[in-house]
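What follows is a single structure, written as structure tokens, with notes after it.
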Amino acid sequence: MSRVVLNEAGIRHLFSNPQGPVAKIIREKADLIESHARANITSNFDSRTGDLAESLHQVEIQVEPFHIAVGANATHRGYPYALALETGINPLTGGAPTHGKFPYMVPAVGQAGFTPR
């Protein structure tokens, strides 16, 4: 019979080190998601200002394990239209429907190879 001893500190470091191999894979996936989201924005919307594509960005989340969030936070006169386009709801009116749902982020996640659970 074999005895296995896990190096918990090493495993934690593997998944939390921003310069480690897991972080490299996460960064590559985040870049791919951002690239697909930009392509979806370009192909699905007639841009007047470019604010939606310009607001698309990545943010490293400083918690363990290593995380990166990809998203857009474009607003116009206080109206969070990036969120409204993605969800099809108006967050300023308690969730009333908008003029339609035009997702660009959810498809980008699928295009990057992730599948829904």
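Please find, within region 12-38, the residue that is nearest to HIS76 (Cα to Cα) out of those that are within 14 Å of the chain's Cα centre (by Cα) and among the hydrophobic types (A, V, I, L, M, F, W, C). Please lay out each step first, then the result.
First, the residues of region 12-38 that are within 14 Å of the chain's Cα centre (by Cα): 26-38.
If we keep only those that are among the hydrophobic types (A, V, I, L, M, F, W, C) too, we end up with 26, 30, 32-33, 37.
Working: ILE26: 31, ALA30: 26, LEU32: 27, ILE33: 24, ALA37: 20 Å.
Among those that are within 14 Å of the chain's Cα centre (by Cα) and among the hydrophobic types (A, V, I, L, M, F, W, C), it is ALA37.
Are any residues in region 23-40 farther than 13 Å from ALA112 by Cα and loosely packed, with under 15 Cβ neighbours inside 10 Å, and if so, which ones? Spell out how you get there, then give the answer.
Here is the first cut: in region 23-40, the ones farther than 13 Å from ALA112 by Cα are 23-24.
Answer for region 23-40, where residues must be farther than 13 Å from ALA112 by Cα and loosely packed, with under 15 Cβ neighbours inside 10 Å: just LYS24.
Could you list, in sequence order, all residues of region 88-117 that are modelled with pLDDT under 90, of a type in the set (A, V, I, L, M, F, W, C) and part of a loop (DSSP other than H, G, I, E, B)?
PHE102
What are the residues in region 59-68 that are among the charged types (D, E, K, R) and either touching an Asp or Glu at 6+ places or on another chain (Cβ under 8 Å) or farther than 18 Å from SER35 by Cα (or both), if any? Write out each step before concluding.
Looking only at region 59-68, we keep the residues that are among the charged types (D, E, K, R), and these are 60, 64.
Across region 59-68, the qualifying residue is only GLU64.
Can you confirm whether region 46-56 contains a residue that is surrounded by fewer than 16 Cβ atoms within 10 Å (Cβ to Cβ), of a type in the set (Gly, Ala, Ser) and touching a helix residue (DSSP H, G or I) at 6+ places or on another chain (Cβ under 8 Å)?
Yes, region 46-56 has at least one match.
From the set of residues in region 69-117 that are aromatic (Phe, Trp, Tyr) and within 21 Å of SER35 (Cα to Cα), which is surrounded by the most Cβ atoms within 10 Å (Cβ to Cβ)? Working first, answer last.
Kept after step one, since they are aromatic (Phe, Trp, Tyr), are these residues of region 69-117: 79, 81, 102, 104, 114.
In the following step, the residues that additionally are within 21 Å of SER35 (Cα to Cα) were identified as 81, 102, 104, 114.
Values: TYR81: 17, PHE102: 15, TYR104: 23, PHE114: 13.
That would be TYR104.
Find all pairs meeting these conditions: Cβ atoms under 9 angstrom apart; at least six residues apart or on different chains; first residue within region 106-117 and under 13 Å from ALA30 (Cα atoms); second residue outside any helix (DSSP H, G or I) and among the aliphatic types (A, V, I, L, M).
From region 106-117, the pairs are ALA108/VAL70; VAL109/VAL70.
How many of the residues in region 39-74 are modelled with pLDDT of 90 or more and polar (S, T, N, Q)?
Count: 4.
The values are calculated or read from the model by the stated rules, or taken from the named source; none is laboratory data. Quick caveat: nothing in here was measured; it's all calculated off a predicted structure. Backbone-built Cβ (ideal geometry, glycine too); neighbour counts: all protein chains shown.
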